[in-house]
Amino acid sequence: MAGRNVVAALDLGSSKTVAVLAEIGPDAGLAVVGVGQVRSAGLRRGMVVDIEEAARGAARAMAQARQMAGVEPEAVMVSLTGPHVLTLQNRGVVAVVNPHREIGPEDVFRVLQTAQVVNVPSDRQLLHVLPCQYVVDGYEGIVDPTGMTGNRLEVEATLVLAGSSSVQNLGKVVSRAGINPPVREPVFSALASAEAVLLPAERELGVLLLDIGGGTTEYAVFQRGNLREAGVVPAGGDYITSDLAVGLRIPLASAEEVKCRHGCVLAGLQPDDEFVEVPDIAGEGLKTVSRRMLATIIEPRIQEILNLVRQRLGSGRAYLLPGGAVLTGGTAGLAGLAQMAADILEMPVRVGYPVVLDGVGDMVRGTEYATAVGLLVYGARYLARAQAAGALEPSAGGWWARIWSWFRDFF
């Protein structure tokens, strides 16, 4: 069944692969109509290590979501992450070509093109171009210069780069999974999560997004509504699971369950006389461990992750981010995490949950679905852009308008 303006999100995480289908309503709202989820295989630290295994997982998750929805998507958005992702700041400048000095979409297109002229390493490729502000004849802080009068147009942009081989391997996974329609450029996971959990006021004030997933922790700094810096720390919740499995001598699956059900990152908050039962390594019986012991294993790993992020950001950043930090991702639900993050990062911290969606949106309300929900937002924009472009006249002005719409809405 087609023709219902349905978009799909495919979040290929280190711990789980999630597929979500949503229908776009007349008011541009999103209603979730299908969800699929499988345990990830072939992925480690956000990167593909086995194409066939990863493809099978992606195909199963999408099949589950399609079966539940009973519809086919018109657009599929896929997440990308990994330590290879980095950001650069660059500026572009052009002269306005219109004889009446009115800035048109072609001028915006050209200035964004010049902003991309940077010395990109041979093993990296450009993933996103995100304009932070435009400058017309020296006047800064312009959001959209189209229609304004000026002689000189500048742009300050954030460029998101990704490893070329990682992007290509991700494309092979999606292709071999038989996912249709074809996927466009992947979306950096932190940008997708930001769409799902950040408030406009936080973006404007200055905020740090911290997405703690299974194999990676992504951070993104927003100021004046725009991305200023982002990166990926190659450590996440899976390391905590591994530490628990080794420290308690229990199977990994049991360690994951113990972490999710009883985990706390502050050992000082746990009493000595509360215990939980866990299976032994042979799976033949149960043994008792204290909640405090669990916390003493979890606490150092969380401290390590947060300190790595702090080092990446540098000192004094808290004063530049009045909006504080927003935690999301599968590990963000650990008890005491927000308190520890506030102490280490020296800023206010809250846990960010995805925006409430209609339909069966309750199924994707947890922090672990932030990236998938954000991808749906990107997909809705893409469909709206594509439909608007198809309605334009095939004239020169229409062509430039489509180019401008593509840059403005997608990036």
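The values are calculated or read from the model by the stated rules, or taken from the named source; none is laboratory data. This is a predicted model, so every value here is computed, not measured. Backbone-built Cβ (ideal geometry, glycine too); neighbour counts: all protein chains shown. Heavy atoms of the whole protein, side chains included, go into the accessibility calculation; ligands, DNA and RNA do not. Shrake-Rupley method; radii C 1.70, N 1.55, O 1.52, S 1.80 Å.
Per-structure values
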item: Inter-label distance for Arg91 and Gln113, nm, one decimal - labels placed 7 Å from Cα along Cα-to-Cβ; result: 2.2 nm
item: Cα gyration tensor shape of segment 189-287, rounded if a/c is under 1.5, else prolate or oblate by comparing a/b with b/c; result: prolate
item: Relative contact order (%) - the chain, alpha-carbon pairs under 8 angstrom, separation at least six; result: 18 percent
item: For segment 320-342 versus segment 76-115, the gap between their alpha-carbon centres in whole angstrom; result: 32 Å
item: Heavy-atom accessible area ranking, 1.4 Å probe, most first, across Asp123, Asp273, Asp50; result: Asp273, Asp123, Asp50
item: Rounded to the nearest 10 Å², the accessible area of Glu23 at probe 1.4 Å; result: 50 Å²
item: Accessible-area order (highest first, 1.4 angstrom probe) of the listed residues Ser40, Ser122; result: Ser122, Ser40
item: Cα→Cβ-extended label distance, 7 Å offset, between Tyr139 and Arg224, nm; result: 1.5 nm
item: Reach of Lys259 by Cα under 23 Å, taken over lysines that are not fewer than 8 positions away in the same chain; result: Lys16, Lys287
item: Apportionment of accessible area to carbon and sulfur, segment 249-353, percent (1.4 Å); result: 50 percent
item: Asp358 - accessible surface, heavy atoms, 1.4 Å probe, Å² rounded to 10; result: 100 Å²
item: Segment 1-53, accessible surface, carbon-and-sulfur percent (1.4 angstrom probe); result: 48 percent
item: With every protein chain in place, segment 67-214: carbon and sulfur % of accessible area (1.4 Å); result: 51 percent
item: Between segment 197-257 and segment 29-64, the Cα center-to-center distance that results, in Å; result: 19 Å
item: Accessible heavy-atom area order of Phe109, Phe222, highest first, probe of 1.4 Å; result: Phe109, Phe222
item: For segment 113-226: relative contact order, % (alpha-carbon pairs under 8 angstrom, 6 or more apart); result: 21 percent
item: Residues with amide H under 5 Å from that of Glu229, placed H, sequence gap 5 or more; result: Val221
item: Separation of the Ala41 and Val246 label points, Cα + 7 Å toward Cβ, nm; result: 2.5 nm
item: Heavy atoms of His262 accessible to a 1.4 Å probe, total area in Å² rounded to 10; result: 40 Å²
item: Average accessible area per residue (Å²) across segment 52-199 - probe 1.4 Å, nucleic acids and ligands excluded; result: 42 Å²
